[in-house]
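What follows is one structure encoded as structure tokens, with my remarks underneath.
The values are calculated or read from the model by the stated rules, or taken from the named source; none is laboratory data. Nothing here was measured: the structure is a model prediction, and the numbers come from that model. Positions of Cβ are backbone-derived with ideal geometry, glycine not excepted, and every protein chain shown enters the neighbour counts. Side chains are part of the model used for accessible areas, which takes the heavy atoms of the whole protein and leaves out ligands, DNA and RNA. Shrake-Rupley method; radii C 1.70, N 1.55, O 1.52, S 1.80 Å.
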Amino acid sequence: MDFQVLLLTIGVSFILAVIAAPLLIPLLRRMKFGQQVREDGPQSHLKKSGTPTMGGVVILLAFTLAFLKFSAVKNTDFYVLLVATLGFGLIGFLDDYIKIVFKRSLGLTARQKMLGQLLFSALMCYLLIQNGHSTAISIPGTSVSFDWTGWFYYPFVVFMMLAITNAVNFTDGLDGLLSGVSAIAFGAFAIVAMQATSMPAAVCAAAMIGAVLGFLVYNAHPAKVFMGDTGSLGIGGAIGAIAIVTKTELLFLVIGGIFVIEVLSVVIQVISFKTRGKRVFKMSPIHHHFELSGWSEWRVVITFWAVGAILAALGLYLNKGL
């Protein structure tokens with residue numbers, strides 16, 4: 001019965017996104033909510049300038065309606081998932097809005113964005129503490145776990161949410177890349193959530209699968225709309241929260257391996273350039289490195305989807321051994 005609910009959630013969320021996107025895209029065009037493309041990026045991306053962005057509104061709308069409709073259990077996990085997804089999505093929305101409306105290329109300042117992320121992460125921690133959330137962390141593929149106690153665990157949760165949302169944000173750089181990779185990760189986490197008997201987390205993952213796949217219909221190359229930070233930060237918030245409520249915090253490193261690789265490529269590039277004056281990659285995040293190496297955009301996306309699927313399968317295999 002639970003599996004049928006998840007399939008229904010995916011289907012409804014998908015349909016909502018498919019219906020909402022063509023209604024929003026013309027509106028975004030009329031309001032001139034177009035993407036500003038980096039001049040120092042791949043030259044092939046310059047033609048994407050002006051493509052409507054902030055399409056993440058479609059993802060969050062479809063997700064929210066499906067999640068509220070099919071979540072029979074409104075417990076602490078439910079509210080943690082909702083706060084994380086919509087809270088981080090709101091930060092992304094404000095960032096996108098400021099970039100476009102006020103013509104500020106950086107949107108929110110780094111301090112403003114950090115403050116917002118800390119605020120919603122802290123709210124998540126408060127809800128978890130009130131519910132007596134376990135502070136033990138398990139090592140994937142083993143029966144080993146260690147308890148950091150609340151003094152260490154909750155700062156770790158905050159760090160984890162900031163790291164994951166920013167890693168997911170870095171992955172949003174090619175048509176359909178984040179939509180496909182996140183759908184795969186959410187699929188794996190839906191299974192993990194069912195194994196952990198956390199129905200709110202399973203429904204959350206299912207609602208996100210439908211929403212991002214529905215959005216992918218319009219975001220696949222050549223993209224008719226981009227999700228912007230509204231979508232990427234909302235997606236990151238959902239993935240991070242699911243990993244936390246299902247007690248598979250470290251398993252994210254495997255299932256979300258693509259996101260980890262993307263953010264590491266940025267960190268490595270920055271450290272290398274500041275310490276040695278040399279770049280390791282032609283451009284970071286790493287998906288741009290492959291583009292500049294001669295790969296077509298579609299080839300990069302398909303390859304990353306395939307690697308994401310392999311990592312998701314490996315994560316499910318490791319989780320089985322817990």
Give V280, V267, V254 a once-over and let me know the one that is touching a residue at least 24 places away in the same chain (Cβ under 8 Å) and either in a helix (DSSP H, G or I) or open to solvent by 20 Å² or more (accessible area, probe 1.4 Å) (or both). V254
Of the numbered conditions (1) surrounded by fewer than 24 Cβ atoms within 10 Å (Cβ to Cβ); (2) under 30 Å from P26 (Cβ atoms); (3) aliphatic (A, V, I, L, M), I235 fails exactly one; give the number of that condition. (1)
Starting from the range 172-184, keep only residues that are in contact (Cβ under 8 Å) with a residue 40 or more places away in the chain and of a type outside the set (A, V, I, L, M), then list their pairs with residues that are open to solvent by 10 Å² or more (accessible area, probe 1.4 Å) and in a helix (DSSP H, G or I) whose Cβ atoms are within a distance under 6 Å, requiring at least 6 positions of separation or different chains. G176/L216; S179/L216; G180/W305
Please count how many residues of the range 50-78 are under 13 Å from T9 (Cα atoms) and of a type outside the set (F, W, Y). 8
In the range 176-200, residue most open to solvent (accessible area, probe 1.4 Å) [restricted to those that are within 19 Å of T246 (Cβ to Cβ) and assigned to a loop (DSSP other than H, G, I, E, B)]: T197
If you go through V217, V203, the only one that is open to solvent by 10 Å² or more (accessible area, probe 1.4 Å) and over 13 Å from I255 (Cα atoms) is V217
Against the condition modelled with pLDDT of 95 or more and in contact with a Leu (Cβ under 7 Å, 6 or more places away or on another chain), how does A188 come out, does it pass? yes
In the range 61-108, residues that are farther than 23 Å from A17 by Cβ and touching an Asp or Glu at 6+ places or on another chain (Cβ under 8 Å) total 2
Please give the number of the condition I137 fails out of (1) open to solvent by 30 Å² or more (accessible area, probe 1.4 Å); (2) more than 15 Å from A241 (Cβ to Cβ). (1)
List the pairs whose first member sits in the range 90-102 and is closer than 10 Å to T53 by Cβ and of a type in the set (D, E, K, R), whose second member is open to solvent by 50 Å² or more (accessible area, probe 1.4 Å) and not in a helix (DSSP H, G or I), and whose Cβ atoms are under 9 Å apart, counting only residues at least 6 apart or on separate chains? K99/Q36; K99/S105; K99/L106
Within the range 94-135, of all residues that are hydroxyl-bearing (S, T, Y) and part of a helix (DSSP H, G or I), the one modelled with the lowest pLDDT is Y97
